[in-house]
Amino acid sequence: MSTDLSRHVPGLAQKKGEPGAPRGFESRYPGHQPRQQVCGPPAHEVRMIYLLPITGSRGAVPAFIRFSATMQAVGSLLLLCFAMVQASAYISIFYVLLAAIGLCTAFGNLRLKNWARYSTLAFSALLVLLPFGMILVYAYLDKIAGDSGNPADADAMAYVVSFGIVLLVIALPMAVLGGFWLYYFNRRSVKRLFVNVESESS
């Protein structure tokens, strides 16, 4: 059965370039543009409705961003604790600097600042690369201990490796979290959320 009503109802045939315009519309109503008949809202309005839950309010921070900010603050406090027990002043200063950046990033994410999203992406890349860096360092140390031929160096290396395995077990979940942060904070909807809030506040 044909669904083309223009064959059965006069005046429903559409003119070329004027969707929804009846035949002879311009001749009967000169100077008026026919109103296009659509079923439902336009596509751009559908996209805006879809994005409404994450762009509608400046105070609404998604739960995962709040969780990420909490994890960043906890990690920064742990770095401060490590900085206090370090024997080297340079390493302590480095840990304090990372902790300060992490705390600022956590605060910025709670305020949905776009610079905090970039800082999170940088920390995420470091977390992903951390296990690989640890493996390379321990492989280099093991090579040095093996070349020296000193039994004391071999015993010390065995202790370092056992301690490194514990650190690696801790670093692997952090690398997984960093990888998910890279994915989440690069999503188009999350980018738009940070950009929209920043544009509203400026």
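Residue-normalised convex hull volume from the C-alpha trace of region 117-186: 66 Å³ per residue. Applying 1/(1 + (r/R0)^6) with R0 = 25 Å to the Cβ-Cβ distance of L141 and L78 gives a FRET efficiency near 0.55.
Values in this text are rule-based calculations from the coordinates and carry no lab data. Everything numeric here is computed off the predicted structure, so don't read it as measured data. No Cβ is skipped: glycine too gets one built from the backbone with ideal geometry, and neighbour counts run over all protein chains shown.
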